[in-house]
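Worksheet: one structure, shown below.
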Amino acid sequence: MATIGFHASHEQISPGRLLKDVQLAEQAGFDAAMCSDHIEPWSARQGHSGFAWSWLGAALATTGLRFGVVTAPGQRYHPAIIAHASATLADMFPGRFWLAPGSGEFMNEHVTGEPWPPKETRQRRLEECVDIIRRLHAGEEVTHHGLVTAERVRLWDVPATRPALIAPAVSVETARRASAWADGLVTVNQPGAKLQEMLAAYRDAGGRGKAVLQVHLSWAPTEQDALAIAMDQWRTNVFAPPIPWDLPTAAHFDGVSAGVTEDQVRAAVNVSAHLQEHAEWLASYLELGFEELYLHFVGQDQQPFIGAFAEHVLPELRTAAPAGTEKVGAV
């Protein structure tokens, strides 16, 4: 049976409110949750950005859900810090936590004042970080000199169940490259043909583990309201790389998104007032081979979405079986 999770958007909702939202999502029947680790929102209209690691401890302690986080070791965080934080959560909540280490976005990493490396350098830095994190999770003492430096680092509390390291990717090439190290793949909703190509590239290169999809959606009782929510909250998130990788602040994203059209937003967000249409879209992702879907309602008031989808959408998806995906490892 498919896993249907809740995406907790720190960039849009205050940490205290978001904790109540994820607790409500569990009560309503969502199976799991995930979030991103930001220090800057995508827009001043979103207006929030709580510290994901503090929040994850509280969320894991006050629900029974599994959680994942997309994070970026290498610049804002030393990989030893990510290894330490993730090992502590995995020790306290065995089998309930995974992380998705990515190459990062300048909007979060610019705070160090260090130069922002080219994408290829960031990718190689990430791969070094993944190796360091895995070795620390295995209980090794690590010394490493490369794009990152680690000197005689060890973790004194190594989790019995190591957290899975899932690769976040938005391109076919990144998905293929991640197959060398990842325990699974996570991406965001894109056209079906592109998603199929990404899954094939990952699997054909030997990629293991589950395929996970974060789905941006906007629902309201009327189509006009659903579109207005998406235009207000998510029009800064319609751009292809390198724009989302390289802009430094929410003000920059607000500036470049001033002329974004309705069609551009609809290409990035599943917008509809019809719950059946949302159910069909989500079922189509499962048919592609995704085993876990994390639903991100792009509005800031989560309660109506949680209630409506729990009653009318989740029951339909419970009967939908993911197609054609190898099931190896745990996410």
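The values are calculated or read from the model by the stated rules, or taken from the named source; none is laboratory data. Predicted model only: the values in this text are computed from it and were never measured. Cβ coordinates were reconstructed from backbone atoms using ideal geometry, including for glycine residues, and neighbour counts include every protein chain displayed. With ligands, DNA and RNA removed, areas are computed over all heavy atoms of the protein, side chains included. Shrake-Rupley method; radii C 1.70, N 1.55, O 1.52, S 1.80 Å.
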Problem - residue 124 vs. criteria free of Cβ contacts under 8 Å to residues at least 24 places away in the same chain, in contact with a Leu (Cβ under 8 Å, 6 or more places away or on another chain) and either assigned to a strand (DSSP E or B) or farther than 30 Å from residue 64 by Cα (or both) - result: yes
Exercise for the section: Provide a single number: the residues in the stretch 106-115 that are surrounded by fewer than 17 Cβ atoms within 10 Å (Cβ to Cβ) and in contact (Cβ under 8 Å) with a residue 60 or more places away in the chain. Expected result: 1
Problem - Flag for residue 39 being of a type in the set (Val, Ile, Thr), modelled with pLDDT of 95 or more and part of a loop (DSSP other than H, G, I, E, B) - result: yes
Practice task
Scan the stretch 198-221 for residues that are under 19 Å from residue 267 (Cα atoms) and either open to solvent by 40 Å² or more (accessible area, probe 1.4 Å) or free of Cβ contacts under 8 Å to residues at least 40 places away in the same chain (or both) and report the count.
Solution key: 1
Practice task
Mind listing whichever residues of the stretch 290-319 are over 24 Å from residue 96 (Cβ atoms) and either surrounded by fewer than 20 Cβ atoms within 10 Å (Cβ to Cβ) or at pLDDT below 95 (or both)?
Solution key: 300, 301, 303, 304, 307, 308, 311, 312, 315, 316, 319
Exercise for the section: Give the residue, chosen from 86, 103, that is part of a loop (DSSP other than H, G, I, E, B), surrounded by 21 or more Cβ atoms within 10 Å (Cβ to Cβ) and of a type in the set (Ser, Thr, Tyr). Expected result: 103
Practice task
Would you check if residue 265 is crowded, with 21+ Cβ neighbours inside 10 Å and within 30 Å of residue 1 (Cβ to Cβ)?
Solution key: no
Problem - Selection status of residue 12, without any contact (Cβ under 8 Å) to a residue 40 or more places away in the chain and out of contact with any Asp or Glu (no Cβ under 9 Å at 6 or more places or on another chain) - result: no
Exercise for the section: Test residue 74 against the criterion of being without any contact (Cβ under 8 Å) to a residue 40 or more places away in the chain and either over 16 Å from the mean Cα position of the chain (by Cα) or buried (at least 21 other Cβ atoms within 10 Å of the Cβ) (or both), and give yes or no. Expected result: no
Exercise for the section: Specify which of the listed residues (230, 310, 267) is farther than 21 Å from residue 185 by Cα and in contact with a Pro (Cβ under 9 Å, 6 or more places away or on another chain). Expected result: 267
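For (1) within 24 Å of residue 96 (Cα to Cα); (2) crowded, with 19+ Cβ neighbours inside 10 Å, each residue gets a yes or a no:
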| residue | (1), (2) |
| --- | --- |
| 138 | yes, no |
| 142 | no, yes |
| 157 | yes, no |
| 167 | yes, yes |
| 170 | no, no |
| 174 | no, yes |
| 185 | yes, yes |
Practice task
Check off (1) of a type in the set (Ser, Thr, Tyr); (2) in contact with a strand residue (DSSP E or B) (Cβ under 7 Å, 6 or more places away or on another chain); (3) assigned to a loop (DSSP other than H, G, I, E, B) for residue 143 and give me the number that stays unchecked.
Solution key: (3)
Exercise for the section: Determine whether the stretch 229-236 contains at least one residue that is at pLDDT 95 or above and surrounded by fewer than 18 Cβ atoms within 10 Å (Cβ to Cβ). Expected result: yes
